[in-house]
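Enquirer: For reference, the structure I am asking about is given below.
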Amino acid sequence: MLAAIDFTTIEVWTRGGLLTYYLLLVMEIATRRIHFAGCTPGPDTAWMQQIARNLTDAEGGFLLGKSYLLLDRDGNFVRRSRRS
């Protein structure tokens, strides 16, 4: 099975002004089922690693049973999480 993952952004007015949030979405291509993986104002390495653990959880991770994951070269994706 094939899945795809990508970021999108939303802007939210807060007391401190306009703030951009990054939303990480994963889609199972065959069924077009969407999974909201997380939201953060700053996707750093620790956050991305936790999301990867959640998505690949052996009991209920969204990527369980998937063979391939499509992603772009966005700098937010942790380099260590990619296979060469």
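Enquirer: Would you say Leu19 is modelled with pLDDT of 90 or more, of a type outside the set (S, T, N, Q) and surrounded by 11 or more Cβ atoms within 10 Å (Cβ to Cβ)?
Expert: Considered against the rule, which asks whether it is modelled with pLDDT of 90 or more, of a type outside the set (S, T, N, Q) and surrounded by 11 or more Cβ atoms within 10 Å (Cβ to Cβ), Leu19 comes out as yes.
Enquirer: Which residues, taken from region 1-49, are in contact with a strand residue (DSSP E or B) (Cβ under 8 Å, 6 or more places away or on another chain), without any contact (Cβ under 8 Å) to a residue 60 or more places away in the chain and not in a strand (DSSP E or B)?
Expert: Ile29, Ala30, Pro41, Gly42, Pro43, Trp47
Enquirer: Out of the residues in region 22-59 that are small (Gly, Ala, Ser) and open to solvent by 60 Å² or more (accessible area, probe 1.4 Å), state the one that is nearest to the chain's Cα centre (by Cα).
Expert: Ala46
Enquirer: Scanning for something at pLDDT 90 or above, among the hydroxyl-bearing types (Ser, Thr, Tyr) and under 11 Å from the mean Cα position of the chain (by Cα), does region 61-76 turn up at least one residue?
Expert: no
The values are calculated or read from the model by the stated rules, or taken from the named source; none is laboratory data. On a predicted model such as this, the values are computed, not experimentally measured, just so you know. So basically every Cβ, Gly included, is an ideal-geometry build from the backbone, and we count neighbours across all protein chains shown. Please note that ligands, DNA and RNA were not included when accessible areas were found on the heavy atoms of the full protein model with its side chains. Shrake-Rupley method; radii C 1.70, N 1.55, O 1.52, S 1.80 Å.
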